[in-house]
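**Student:** Structure incoming, see below.
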Amino acid sequence: MAPSILSQSVAVLARATYAVHVEDSLSLAARRMRENGGGIIALIRDGRYAGAITERSLAEALAKGMEPLDQAIKAQDVADLRIASYITGAEALRLFSELAVPALVVVDERGHVMGVLSPSDLYPRTMVPPRPPMIGGMATPFGVYLTTGVVRAGASDLALVTTGMMLCCILLGTAVASDQFANWVVLKGMNVNVASTLATVMQFGLFGLVMRFLPIAKIHAAEHKTIHAIERGEELSLEVVRRMPRIHPRCGTNFAVGAAIFLTIATSVLIPIEEIRVVVALLTTLIFWRPLGALVQKYITTAPPKDKHLRMGIRSGEELLAKFADAHVVMPTLGQRIYASGLLHVALGSTIISAVAYLVARALHVDWV
C-alpha cells in the first residue's frame, strides 16, 4: 500500500456524505443510508455532528420494534464514529481495526460534518482508462493480437496470416500421419470403416497434442488472461494478469467444438431419420458446447503461460487501451468487426499453405483429396 496515501489527512481522503437531523424519521435515515453507501449516515443537531446511524444500529432498532416514522436518533450507534479531519490515514486505519466498523464520519474542529471515510478510501486512487465494451483477440506465433472491432493492437496482419499457415501445416501433417496409419491397419486386415474412424480420432488427438506443446498455447492463455483483466477493469500488471483465468467463454475454441459436435451427430448414420438427427445434434450442441469447449481450452488449446508470454499480452492490452481512448468511434460496423477479427487473415494463410501443398502433391504425382 502506498505510504503517501496513509500519510494524508482524512479530510483529503473522505467522500461526500448525506446527513440527517436528529428529529428526522428512521425512514428518511434508511433512505439516505442507501443513497450514501458505506453503511453509515451522520446525525446532526444544529448543523453539527450528533452521532451516526450504521447498518448495525439500524438493524437493532428494527429488532426492537421501532416504527419507520420514529426519530432517527433512536437508531444511533452507541460507538463514537467520528474522526477529526486532521487525522492521518494511518491513524484511521488503526481505528477501523479497533472499532470493526464499515466507515467513520469525518468532522472538522467545530463538529461540522465533512464526509465519510471507508477502508477502501485508504487505497491508492488510480486513473482507469476507458474500457471497450467487448474485446476479441487471437494468439499468433509472434505475440498476442487484440481488437475492439474498431482499434487493433499487438501482433501484425502478417502474424495473423502466419497463424493460419501454422494451423494448416499442423492439420495437413496430422492428416497425412493418420491416413498412413489407416492404410497400414487396412493392409493388416482391419475393416475400412473402422480404420477410417480410428484415423479421424488419431488426427484429432495428434492435432491436440501438437497444439498443447507449441508456444502458441501459452500465448493463447496470455491472451485470455489479458482480456479477462481488461474486461474486469483490473490493472494490467504482471501480478494481476497472472491471476486471471486462462479459460474464456467467448474463445473461438468453444465455437469450433460446437460445430464439431453438431456436424458429427448431424452426419451420423446411427440415427436414420434426418429430422431427428438434426434436432438431436442441435440440442446436444446447445448443452455441451461450452463445457466441452472449456475442457478443450484447458487441456489442448491453452497451456499455463510463462511471464514472457503474459508480458506479450500486457503490451498488447496497454496499446489497445491507449488507442481506444483516442478513438473517435466506439462501435464497429459489421465489416470492421469481420476484418478486425483476424479470421480473414487466418483464412488467407491457410489458403496459401493449401495451395503450396496442392502444387507439391501434383509435382510428385501424389493423390490430393
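**Student:** Stick to Cα atoms and the Kirkwood definition of Rh, then tell me Rg/Rh for the range 209-310.
**Tutor:** Checking Rg against Rh, the ratio lands at 1.13.
**Student:** Show me, for the range 77-84, the HN-Hα J-couplings you get by feeding each phi into the Karplus relation (A = 6.51, B = -1.76, C = 1.60, θ = phi - 60°), rounded to Hz, glycine and proline as x.
**Tutor:** In residue order, the calculated couplings are 6, 5, 7, 7, 9, 8, 9, 5 Hz.
**Student:** Right, next: As a check on your grasp of the helix formula, calculate [θ] at 222 nm for the chain: sum -39500 (n - 2.57) over DSSP H runs of n ≥ 4, divide by the residue count, round to the nearest 500.
**Tutor:** Helix contribution divided over all residues of the chain: -17500 deg cm²/dmol.
**Student:** Taking amide hydrogens as modeled 1.01 Å from N in the peptide plane, which residues meet the under 5 Å criterion relative to D77, leaving out close sequence neighbours?
**Tutor:** Close amide H contacts, sequence-distant or interchain: A52, I53, T54.
**Student:** Just to be sure I understand the model, the point goes 7 Å from the Cα along the line to the Cβ. What's the resulting F288 to V240 distance in nm?
**Tutor:** 3.9
**Student:** Please give the per residue accessible area of the chain, computed with a probe of 1.4 Å over protein heavy atoms only, in Å².
**Tutor:** Accessible area per residue: 56 Å².
**Student:** Here is a further query. Which aspartates and glutamates have a Cα less than 12 Å from the Cα of K74, not counting those fewer than 8 places away in the same chain?
**Tutor:** Those aspartates and glutamates meeting the cut-off are E23, D24, E60.
**Student:** Using a 1.4 Å probe, how large is the accessible area of F255, given in Å² and rounded to the nearest 10?
**Tutor:** 120
**Student:** So, one more: Which whole-Hz ³J(HN,Hα) couplings does the range 344-360 yield from phi under the Karplus relation 6.51 cos²θ - 1.76 cosθ + 1.60, θ = phi - 60°, glycine and proline marked x?
**Tutor:** 5, 5, 5, 4, 5, x, 5, 5, 4, 5, 4, 5, 5, 4, 5, 5, 5
**Student:** Hey, another quick one. Calculate how large, on average over all directions, the projected area of the Cα convex hull of the chain is; give the answer in nm² to one decimal.
**Tutor:** 28.8
**Student:** A follow-up question, please. Over the Cα atoms, compute the radius of gyration (one decimal) and Dmax (the largest Cα-Cα distance, rounded to a whole number) for the range 28-78, in Å.
**Tutor:** Rg, Dmax (Cα atoms, Å): 10.2, 29.
**Student:** Right, something else. Need one number: the % of Cα-Cα pairs in the range 1-107 sitting beyond the 17 Å mark. If you can, show how the numbers build up before the last one.
**Tutor:** Details: 2967 of 5671 pairs.
Counting every Cα pair in the range 1-107, those more than 17 Å apart make up 52 percent.
**Student:** Then there's this: Measuring from the lowest to the highest alpha carbon on each principal axis, how far does the range 62-154 reach, largest first, in angstroms?
**Tutor:** Largest first, the range 62-154 extends 66, 36, 24 Å along its Cα principal axes.
The values are calculated or read from the model by the stated rules, or taken from the named source; none is laboratory data. The structure presented is a predicted model; accordingly, all values stated were derived computationally and were not measured. Note: ideal-geometry Cβ built from the backbone for every residue, glycine included; neighbour counts use all protein chains shown. With ligands, DNA and RNA removed, areas are computed over all heavy atoms of the protein, side chains included. Shrake-Rupley method; radii C 1.70, N 1.55, O 1.52, S 1.80 Å.
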